[in-house]
Amino acid sequence: MTHSLLIKMAAIHKQDGHTAEKEMATTFLVIGGGIAGVSCAEMLPFHCPGERVTLITASPLIKTVTNVVPCTKTLFQFDVEERPAETLSEEHADVTVFHDTVISLDTANHRVFTRLGRCISYQKLCICSGGQPKLISEDNPHVIGIRDLDSVKTFQERVSQSRRLVVVGNGGIASEVVYEVEGVEMVWVVKDNHISATFVDPGAAQFFQSSLAKGKVERKQVSKRMKYTVSSEGPHKGGAALGPDWHGSLHIRGSHIDKRNVTVEYNSEVKCLREGDETWPVYVELTNGKKYGCDLVVSATGVTPNVSLLTAGNPDLEIAPDGGLKVDAMMQTTSQDVLAAGDVCTASWEPAPHWFQMRLWRQAWQMGGFAARCMSAKEGVLQDFCFELFSHVTQFYGYKVVLLGLYNGQTLQGEYEILVRVTPGVEYVKLVMKDGRMQGAVLIGETDLEEMCENLILDQLDLTDLQEHILDPDIDIDDYFD
């Protein structure tokens, strides 16, 4: 991984242009201006008022969570706002923000060195440097990954001149691209036998098929989440990951067709890319033997934790098999006084039965806030309740989607049964049951079942006698527990 993929920064505070080391000390140092890093930096002054907090950010813009509304004990809806980095210092007097490049970390001596010549010594460090997109080809000009605002701007510009896109991946970004982009032919390459497999099962994917065919429709309510506006300034490399509704205020449209045309290639991956000709700039060969010419390939196959520059020369920082920094239940890495949160870390503790790590902005927010508690604690703290149950609320294909617990039977090794209720075009409800107890749920549409399902998963009540009634819309299941 090259330095250009890592935390790129230039100073918010006025610089004299010298590279001589400027030594400074801070109690708490946070690396990364994404949701995890900003959440950590915002919470530290609350836990330790008067202590100096320093944030080094990859971008002149930071992401902060606002308007947090609890839906259930573990499920929250919130807005993500992108603000100038200096606003963090304006709101929190104890927080200093630098827009600079971390070039090395010395964990043995508790020091960080930056490109602009700073040598920052710390008492506690939290690494929140996020992840980088996995691109199917790093050097091909016709391949783009969507990770931050600069890549969104490039994507928007490229799509406007495109006739056909090939979208590779089957997670959230790929699903949103295929649904949101208009006026261009699309080929969607997925390695699974159904769409959006990162989040839903084949039944839910079938429920979404009609929306995929119709394309984007105007929402009944204006989204209150972040409206991402793209500056006309030059690029800021290594920006923080996108949050929810990254496409909300952007008009992303090709210019060549009015009719929507999406071809899904199931159980397939990219075999290789071929040079283009006068018809298409690039050709994509798939493992199923098909070949498509296109103007642009969108690589949306996940992220790689952004760790290489920070682990160089620090053998005490252990890396998990997935490439993330190993952290324990207190977000502590294997190096003393170094914590990590968000996409850069890998949860290496024994998780609660109904929680697992998934590199989502919601978990980044939760991990960042909890890391601040752990950094500031004089003695051990109890793990946050958010790690008791996996919970996520998002929107796919115009529908509200709530995921709870082991919603796809994760870790159950196929030993479970499912209960399903479907109203085409309105809602899809799937409950994962094992030995009469609820283990997870997928709720699509306005089901109003989030709180009930959360309680039943957490409490592990025996529902054997209620299973045939639990999804009956004419029965209020809450009456059974009064």
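Check off (1) over 20 Å from Pro315 (Cα atoms); (2) in contact (Cβ under 8 Å) with a residue 24 or more places away in the chain for Leu125 and give me the number that stays unchecked.
(1)
From Gly324, Gly293, Gly289, Gly276, grab the single residue that is among the small types (Gly, Ala, Ser), closer than 30 Å to Phe385 by Cβ and either surrounded by 16 or more Cβ atoms within 10 Å (Cβ to Cβ) or more than 29 Å from the chain's Cα centre (by Cα) (or both).
Testing whether each residue is among the small types (Gly, Ala, Ser), closer than 30 Å to Phe385 by Cβ and either surrounded by 16 or more Cβ atoms within 10 Å (Cβ to Cβ) or more than 29 Å from the chain's Cα centre (by Cα) (or both) leaves just Gly324.
Residue under question is Tyr397, and the condition is that it be of a type outside the set (D, E, K, R) and over 22 Å from Leu360 (Cα atoms); does it hold?
When the stated conditions are applied, Tyr397 does not pass them.
Just to be sure, is Phe387 under 24 Å from Cys48 (Cβ atoms), aromatic (Phe, Trp, Tyr) and in contact with a strand residue (DSSP E or B) (Cβ under 9 Å, 6 or more places away or on another chain)?
Yes: the conditions hold for Phe387.
I'm trying to understand the selection: among the residues of segment 441-477, which are assigned to a helix (DSSP H, G or I) and either at positive phi or modelled with pLDDT under 90 (or both)?
Correct list: Asp465, Leu466, Ile477.
Is one or more of the residues making up segment 118-128 touching an Asp or Glu at 6+ places or on another chain (Cβ under 6 Å) and at pLDDT 90 or above?
Within segment 118-128, one or more residues are touching an Asp or Glu at 6+ places or on another chain (Cβ under 6 Å) and at pLDDT 90 or above.
Identify all residues within segment 396-411 that are over 25 Å from Asp472 (Cβ atoms) and either surrounded by fewer than 18 Cβ atoms within 10 Å (Cβ to Cβ) or in contact with a Lys or Arg (Cβ under 8 Å, 6 or more places away or on another chain) (or both); write none if there are none. Steps first, answer last, please.
First, pick out the residues of segment 396-411 that are over 25 Å from Asp472 (Cβ atoms): 396-398, 410-411.
Result: Gly398, Gln410, Thr411.
Are any residues in segment 294-330 out of contact with any Cys (no Cβ under 9 Å at 6 or more places or on another chain), outside any loop (DSSP other than H, G, I, E, B) and more than 28 Å from Thr154 (Cα to Cα), and if so, which ones?
Leu310, Thr311, Ile319
The values are calculated or read from the model by the stated rules, or taken from the named source; none is laboratory data. Because the structure is a prediction, the values reported are computed rather than measured. Virtual Cβ from ideal backbone geometry, glycine too; neighbours counted across all protein chains shown.
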